[in-house]
Amino acid sequence: MTTNQKTIPTLDIKSFSSYLQPERTIKDKKMSGHSHFFISRLSEIDCESLLDSPFIYDFFTIYFVEKGELYKINQLESLRLQPNEIFFSKPGEVKTWQKLNNLDGVMISFTLDYLLLMVSNKNFISTFDYLLPNARRKFKLEGALRNFYNTIFKEIIKEYENYQKHSDQMIKLWLFVLLIKTNRINTSNSDNDGLGTSLRSADFIFRRFMICVEENFTELSQGNVYKPMMIKEYASKLNVNPTYLGECVRKASGKSAKSIINMRTMLLAKCQLLHTHNNISEIAFQLGFESSAYFIRVFKKFEGITPLDFRTRERPKFAV
C-alpha cells in the first residue's frame with residue numbers, strides 16, 4: 001500500500017498528543033516539559049483519531065495494557081498487546097495504530113532530551129539493552145512485578161494530574177526507576193536478546209555501533225541524508241579501525257557488521273516500498289545501490305520476492 005509522499009513524515013510528541021487527545025493540549029502546558037512528555041490512560045484515547053498512517057516517531061513510548069487489547073504495526077511487524085503486557089517503543093521507528101479492543105492501561109511518551117536534563121551521562125539510555133534495535137521489548141508483568149509497575153504509573157499520573165513544584169523532577173525520577181527495573185528484568189532472563197550487564201569493550205563498541213546505525217537510517221528515511229554510511233565510516237565515527245569494529249560486533253552479537261547493515265537496509269527498503277510512492281530506481285539510489293537491477297537482485301535474495309511484488313502485497317497481518 002503506497003502513498004503519494006516521497007518520505008515518511010516524522011511525528012513529534014506535541015502533534016502525537018494533540019492527535020490522540022486534543023482536549024489535553026491546554027492542560028499539558030502546565031508542565032515545563034509539556035513538549036517533551038505526555039501521559040494518558042489508554043481508555044481515554046479517541047478511537048476515531050487513531051494514527052493509522054505511517055509516521056516516524058521521534059520519542060519513546062511505553063504502553064502498559066491492563067485490560068483489552070492494543071494492535072499496532074511497529075517497523076512493519078504486527079504487535080498485539082494483551083492484559084499485563086508492557087511494550088517499549090523507541091525513536092526512529094515507523095509505526096501505525098491499528099485497533100483498540102475494550103482497552104485500558106497507561107501510555108507514557110517522552111523525548112530523550114526530557115530524561116537527559118537530569119543526568120550528566122548522555123549515553124545513559126544506551127546502557128539499557130532492551131532499547132537496542134532487535135532486542136526484546138515486550139514483557140509480561142505478573143504478581144508482585146505487576147503491582148510494582150502499577151505503583152510507578154500511579155505515582156506518575158498523580159504528579160501529572162496534581163502538578164506542583166518539582167512534579168517534573170518526580171516524574172523523571174519515577175521514569176528512571178521504571179527503565180532501570182525493566183533492564184534488570186531483561187538481563188535476568190537466560191534467553192534475553194540483549195547484552196546483559198557486561199562491560200566488555202566489545203559490548204560497548206557494539207552498542208555505540210547499533211545506535212549509529214539507527215541514527216543513520218532514520219536520517220535516510222527522513223530524506224536528510226542521501227547515502228547510507230559504510231563500515232569504514234562507522235569505524236571512523238567510533239574512533240576504531242574497521243577490522244576491530246567487525247570483531248567487536250561479531251563477538252557481541254554473533255553477526256557481522258555488514259549483515260546488520262544489510263538487514264537494516266532491507267527494513268528501510270520495505271518501509272519505502274509500502275509507505276512512499278518512490279519508484280524502484282529512487283529507492284535503490286537512496287539506499288546506495290549502484291543500479292536498480294542490483295537492488296532488485298539483493299532484495300529478492302533477502303526477501304524471496306522482488307520489490308515490486310512486495311509493494312503490491314497487502315499490509316502486514318496480525319498473528320493472532
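The values are calculated or read from the model by the stated rules, or taken from the named source; none is laboratory data. Model, not experiment: these values are computed from the prediction. Cβ coordinates were reconstructed from backbone atoms using ideal geometry, including for glycine residues, and neighbour counts include every protein chain displayed. Quick note on the areas: whole protein, heavy atoms, side chains included, nothing else; ligands and nucleic acids left out. Shrake-Rupley method; radii C 1.70, N 1.55, O 1.52, S 1.80 Å.
Looking only at residues in region 72-113 that are touching a Leu at 6+ places or on another chain (Cβ under 8 Å) and acidic (Asp, Glu), which one is surrounded by the most Cβ atoms within 10 Å (Cβ to Cβ)? Among those that are touching a Leu at 6+ places or on another chain (Cβ under 8 Å) and acidic (Asp, Glu), it is GLU85.
Screening THR312, THR265 for residues that are under 20 Å from GLU233 (Cβ atoms) and among the polar types (S, T, N, Q) leaves exactly one candidate, THR265. Those helices (runs of 4 or more DSSP H) of region 246-320 in which at least 1 residues are without any contact (Cβ under 8 Å) to a residue 60 or more places away in the chain and among the basic types (Lys, Arg), considering only elements entirely within it, cover 257-275, 292-303. The residue of region 222-245 that is surrounded by the most Cβ atoms within 10 Å (Cβ to Cβ), among those that are part of a helix (DSSP H, G or I) and among the hydrophobic types (A, V, I, L, M, F, W, C), is LEU245.
For region 97-108, the criterion of being modelled with pLDDT of 85 or more and within 30 Å of LEU268 (Cβ to Cβ) is met by at least one residue. Does LEU267 satisfy the criteria of being among the aliphatic types (A, V, I, L, M), more than 26 Å from the chain's Cα centre (by Cα) and open to solvent by 30 Å² or more (accessible area, probe 1.4 Å)? Spelling it out, it is not the case that LEU267 is among the aliphatic types (A, V, I, L, M), more than 26 Å from the chain's Cα centre (by Cα) and open to solvent by 30 Å² or more (accessible area, probe 1.4 Å). I'm trying to understand the selection: among the residues of region 171-184, which are of a type in the set (A, V, I, L, M) and over 19 Å from the mean Cα position of the chain (by Cα)? The answer is ILE171, LEU173, VAL177.
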